[in-house]
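Here is the structure we will look at.
The values are calculated or read from the model by the stated rules, or taken from the named source; none is laboratory data. In this text the structure is predicted, and so the values were computed from the model without any measurement. In this analysis, Cβ positions are derived from the backbone assuming ideal geometry, glycine residues included, and neighbour counts consider all displayed protein chains. Ligands, DNA and RNA are excluded from the accessible area calculation, which covers all protein heavy atoms including side chains. Shrake-Rupley method; radii C 1.70, N 1.55, O 1.52, S 1.80 Å.
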Amino acid sequence: MPTLVGAIDEGTSSARFILFEAGTANVVCYHQIEIPQITPQEGWVEQDPMLILEVVQRCMEITIEKLIKMNGDPKDIVAVGVTNQRETTIVWDKTTGKPLHNAIIWLDMRTSSTVDRLLEKVPNKVKNKNYLQPLCGLPLSPYFSAVKLKWLMDNVLSVQQAIHNQTCLFGTVDSWLLWNLTGGVNNGVHCTDVTNASRTMLMNIETLQWDTHLCNFFGVSKKLLPEIRSSSEVYGVFADGVLKGIPLSGCLGDQQSALVGQQCLSQGQTKATYGTGCFLLYNTGNASVNSSHGLLTTVAYQLGPETPPVYALEGSVAIAGAAIRWLQDNINLIESVKEIEEVTNSVENSGDVYFVPAFSGLYAPYWHQDARGVICGITEDTQRGHILRASFEAVCFQVRDILDAMKKDCGIPPQKVQVDGGMTSNQLLMQLQSDLIGLDVIKPEMAESTALGAAMVAGRAVGKWDMTLPIPLKSSSFKSTITDDERDMRYSKWKMAVERSLGWEIATT
């Protein structure tokens, strides 16, 4: 059996553990388990941190069982990397190891009022959501971890008590997993990597350290925060379990991990991941580009503590696959995902219907938390196939919004877009994407780009993965089949629909 590298891939809807042959995209075996979300009230989205940990551990156990049944040997595993849903916020007590509250998931909107109160602190009370952007690269939004942590500190008594007792620890999902897997209350390593730290609003985007001004702005003590490390180094070893003694040596937020897994390691390369949300990253090299068009400046990766960081511009779409699930679960437009192809192919186009799925506001490049979902252009001839197609096109139009912003910020438009994520298995969506942006869409046959990125940086840290050598990946490509005029006409109607989605939360409160 060849040398193996593992990847823990903990996403919004499921966790998995995957074993790769070192230096290749060959998947040896894996196991995946779904993780339910908890919605205590409208706009609130949580998960049980203990369940997240248990599911990850169970995935590792079952994957190792599968490896042994294949006559493999767990001793061939030389390293494990972690990739995770970003911005999701967990606080726990370091003496008991128990969470002080459920994890607040990245798309949770309870902190809208917290953002409003924080904006009152901006000098001259000018409500400038980009006030902190020069320091952290991010607009002030419910999306990011510091705002969620601020809400927990303001509203949860157990968190307040633990902070008073100096036993409270904060982390994103990567920190929670690394702390527990390296020992937890028995000297577990409390750390994060630069990519996850860059999504908190607490890290200085240039120094890659927790920033005193940012921490003071949110009222966060640095004593709560994990140590910031590079994306590729040994953080510690598994304290027990089936992987006891194996190094944990790679960590990347899931979107950055997909960028690495897609091998977008050169300036100007762009990837899009289609899952619950949709996320585009544009590699800007060793320079951090401060966006003036609604994009986020983020750390793409740092390959070791002595190497300079690589930065990216990111555009985040809150609702992508989640819109399909809403059509299925909330209004019963389809009974299951298996129906999608049949229903969308029952019509030739979207029937001039436009769907803006702003269920929790609009993210990049708009950053309007007051927006709410609208469906425009319905007539007596509208069928469910039109609405389902419109939901596909909504994802594609939002990707165009972000690509246009990237072009304005960098001056150089992407030449193609490399894609991954669960939604890319739908051929119609990929063709619509190429049509509506006018660029080639390249989809690798190997679907595990996110996990692959985590494996690559973990293997690199222990000298078992040469990231200067390209990994050959088979792929399929989609080319645009419509004219520029048709593309622009449809996009202008999308922008009309977006205008109609704005201001609803204020108007109805």
Test: residue in the range 461-483 that is in a helix (DSSP H, G or I) and closer than 30 Å to Pro305 by Cβ: yes
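Can you pull out the residues in the range 88-121 that are under 28 Å from Leu362 (Cβ atoms), of a type in the set (Asp, Glu) and modelled with pLDDT of 95 or more? Talk me through it step by step, then tell me what you get.
We begin by selecting, within the range 88-121, every residue under 28 Å from Leu362 (Cβ atoms); these are 88-90, 101-121.
In the following step, the residues that additionally are of a type in the set (Asp, Glu) were identified as 108, 116, 120.
Result: no residue meets the conditions.
Go through the range 25-35 and count every residue that is in contact (Cβ under 8 Å) with a residue 12 or more places away in the chain and open to solvent by 20 Å² or more (accessible area, probe 1.4 Å). Lay out the reasoning, then the answer.
From the range 25-35, those in contact (Cβ under 8 Å) with a residue 12 or more places away in the chain are 25, 27-35; that's our starting set.
Imposing the further condition that a residue be open to solvent by 20 Å² or more (accessible area, probe 1.4 Å) reduces the set to 27-28, 30-34.
Total meeting the criteria: 7.
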Search result, residues across the range 259-299 that are buried (at least 24 other Cβ atoms within 10 Å of the Cβ) and aliphatic (A, V, I, L, M): Leu259, Val260, Ala272, Leu280, Leu281, Leu295, Leu296, Val299
Subset of the range 174-221 [closer than 15 Å to Lys98 by Cα and within 23 Å of the chain's Cα centre (by Cα)]: Ser175, Trp176, Leu177, Leu178, Trp179, Asn180, Leu181, His190
Restricting the range 462-498 to residues that are touching an Asp or Glu at 6+ places or on another chain (Cβ under 8 Å), open to solvent by 30 Å² or more (accessible area, probe 1.4 Å) and among the hydrophobic types (A, V, I, L, M, F, W, C), the residue that is modelled with the lowest pLDDT: Leu473
Scan of the range 154-171 for residues that are over 21 Å from the mean Cα position of the chain (by Cα) and open to solvent by less than 40 Å² (accessible area, probe 1.4 Å), ordered by number: Val156, Val159, Ala162, Thr167, Cys168, Leu169
Residues located in the range 434-474, provided they are among the small types (Gly, Ala, Ser), out of contact with any Gly (no Cβ under 9 Å at 6 or more places or on another chain) and within 24 Å of Leu4 (Cα to Cα): Gly463
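Each row is one residue, and each column tells you yes or no for (1) surrounded by 17 or more Cβ atoms within 10 Å (Cβ to Cβ); (2) within 20 Å of Thr182 (Cβ to Cβ).
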{"residue": "Ala15", "(1), (2)": "yes, yes"}
{"residue": "Gly23", "(1), (2)": "yes, no"}
{"residue": "Ile38", "(1), (2)": "no, no"}
{"residue": "Val45", "(1), (2)": "yes, no"}
{"residue": "Val55", "(1), (2)": "yes, yes"}
{"residue": "Thr63", "(1), (2)": "yes, yes"}
{"residue": "Gly72", "(1), (2)": "yes, no"}
Cross-chain or 6+ apart pairs with Cβ under 7 Å, the range 178-202 first and modelled with pLDDT of 95 or more and part of a loop (DSSP other than H, G, I, E, B), then among the small types (Gly, Ala, Ser) and surrounded by fewer than 24 Cβ atoms within 10 Å (Cβ to Cβ): Thr182/Gly188; Thr182/Gly236; Thr182/Ala239; Gly183/Ala239; Gly184/Gly97; Val185/Gly97; Asn186/Ala239; Val189/Gly236
Gly411, sole failed condition from (1) over 28 Å from Gly43 (Cα atoms); (2) touching a helix residue (DSSP H, G or I) at 6+ places or on another chain (Cβ under 8 Å): (2)
Within the range 222-258, considering residues that are within 13 Å of Pro305 (Cβ to Cβ) and of a type in the set (Ser, Thr, Tyr), the one surrounded by the fewest Cβ atoms within 10 Å (Cβ to Cβ): Ser230
Filter result (out of contact with any Gly (no Cβ under 6 Å at 6 or more places or on another chain) and open to solvent by less than 30 Å² (accessible area, probe 1.4 Å)) within the range 89-109: Thr89, Val91, Trp92, Asp93, Ala103, Ile104, Ile105, Trp106, Leu107, Asp108
Residue pairs meeting the criteria (Cβ under 9 Å; at least 6 apart or on separate chains; first touching a residue at least 24 places away in the same chain (Cβ under 8 Å) and open to solvent by 10 Å² or more (accessible area, probe 1.4 Å), in the range 301-327; second part of a loop (DSSP other than H, G, I, E, B) and aromatic (Phe, Trp, Tyr)): Ile319/Tyr363
Test set (1) at pLDDT 85 or above; (2) in a loop (DSSP other than H, G, I, E, B); (3) closer than 22 Å to Gln255 by Cα - Ile331 fails condition number: (3)
Matching residues, the range 377-392, being hydroxyl-bearing (Ser, Thr, Tyr) and open to solvent by less than 40 Å² (accessible area, probe 1.4 Å): Thr382, Ser391
Where a residue in the range 346-361 is among the hydroxyl-bearing types (Ser, Thr, Tyr) and its partner, wherever it lies, is in a loop (DSSP other than H, G, I, E, B), with Cβ under 7 Å and at least six apart: Tyr354/Gly377; Ser360/Gly43; Ser360/Leu107; Ser360/Met109; Ser360/Ala318
The range 410-428, residues that are open to solvent by 30 Å² or more (accessible area, probe 1.4 Å) and more than 27 Å from Phe20 (Cβ to Cβ): Cys410, Gly411, Ile412, Pro413, Gln415, Leu428
Residues that are open to solvent by less than 30 Å² (accessible area, probe 1.4 Å), within 21 Å of the chain's Cα centre (by Cα) and within 14 Å of Leu327 (Cα to Cα), drawn from the range 344-376: Val356, Pro357, Ala358
Breaking point among (1) farther than 30 Å from Val115 by Cβ; (2) open to solvent by less than 20 Å² (accessible area, probe 1.4 Å); (3) polar (S, T, N, Q); (4) assigned to a helix (DSSP H, G or I), for Gln431: (2)
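Could you tell me whether Asp174 is of a type in the set (D, E, K, R) and surrounded by 21 or more Cβ atoms within 10 Å (Cβ to Cβ)?
yes
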Breaking point among (1) open to solvent by 10 Å² or more (accessible area, probe 1.4 Å); (2) under 30 Å from Gln166 (Cα atoms); (3) touching a residue at least 40 places away in the same chain (Cβ under 8 Å); (4) of a type in the set (D, E, K, R), for Arg117: (3)
From the options Lys129, Lys148, residue that is among the basic types (Lys, Arg), within 17 Å of Tyr363 (Cα to Cα), crowded, with 16+ Cβ neighbours inside 10 Å and touching a strand residue (DSSP E or B) at 6+ places or on another chain (Cβ under 9 Å): Lys148
